[in-house]
């Protein structure tokens, strides 16, 4: 919005705060912003691949650090910052998004990993699938 108001034209990368953000930082910030009590279990990309867990659809905002995606999400945001980009803390973004979802009518609220509004699948694993993957991880020893 700022760029439109200031009539800045061009391409701008705005995908992360200055210095980047790790998956741990993002998830911890989301849990904090939503007063969540999430417990994180860190597994490797190869295991997720073996389990048929796919980036973006099953794991929103995550992509495997494999050669085809090397550096994904690591682009410089310096140009955008020079033109006024200011990132909100992830806690605020998560809180506001969560409050918005909670305010939706029940039939419009996402049911992660299941058919949602208009029959489309919502991103994320269902609770049953998440449990299955975690049990497989724990069984590895």
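What is the residue count in the range 109-141 for residues that are at pLDDT below 80, part of a helix (DSSP H, G or I) and either surrounded by 13 or more Cβ atoms within 10 Å (Cβ to Cβ) or in contact with a helix residue (DSSP H, G or I) (Cβ under 7 Å, 6 or more places away or on another chain) (or both)?
Number of matching residues: 1.
Answer with yes or no whether residue 45 is within 30 Å of residue 135 (Cβ to Cβ) and either surrounded by 14 or more Cβ atoms within 10 Å (Cβ to Cβ) or touching a helix residue (DSSP H, G or I) at 6+ places or on another chain (Cβ under 6 Å) (or both).
It is true that residue 45 is within 30 Å of residue 135 (Cβ to Cβ) and either surrounded by 14 or more Cβ atoms within 10 Å (Cβ to Cβ) or touching a helix residue (DSSP H, G or I) at 6+ places or on another chain (Cβ under 6 Å) (or both).
Take residue 68 and tell me if it is in a helix (DSSP H, G or I), at pLDDT 85 or above and either surrounded by 12 or more Cβ atoms within 10 Å (Cβ to Cβ) or more than 14 Å from the chain's Cα centre (by Cα) (or both).
It is false that residue 68 is in a helix (DSSP H, G or I), at pLDDT 85 or above and either surrounded by 12 or more Cβ atoms within 10 Å (Cβ to Cβ) or more than 14 Å from the chain's Cα centre (by Cα) (or both).
Which of the following residues is under 23 Å from residue 129 (Cβ atoms) and assigned to a loop (DSSP other than H, G, I, E, B): 40, 12?
Every option except 40 fails the conditions.
Please enumerate the residues belonging to the range 48-65 that are loosely packed, with under 15 Cβ neighbours inside 10 Å and modelled with pLDDT under 85.
56, 57, 60, 61, 65
If I filter the range 8-17 down to residues being over 16 Å from residue 93 (Cα atoms) and in contact with a helix residue (DSSP H, G or I) (Cβ under 7 Å, 6 or more places away or on another chain), which single residue comes out as surrounded by the fewest Cβ atoms within 10 Å (Cβ to Cβ)?
Looking at the filtered set, the residue picked out is 13.
Given the criterion out of contact with any strand residue (DSSP E or B) (no Cβ under 6 Å at 6 or more places or on another chain), in contact (Cβ under 8 Å) with a residue 12 or more places away in the chain and not in a loop (DSSP other than H, G, I, E, B), identify the matching residue among 61, 80.
The conditions single out 80.
The values are calculated or read from the model by the stated rules, or taken from the named source; none is laboratory data. Model, not experiment: these values are computed from the prediction. FYI the Cβ positions are ideal-geometry reconstructions off the backbone, even for glycines, and counts take in every protein chain you see.
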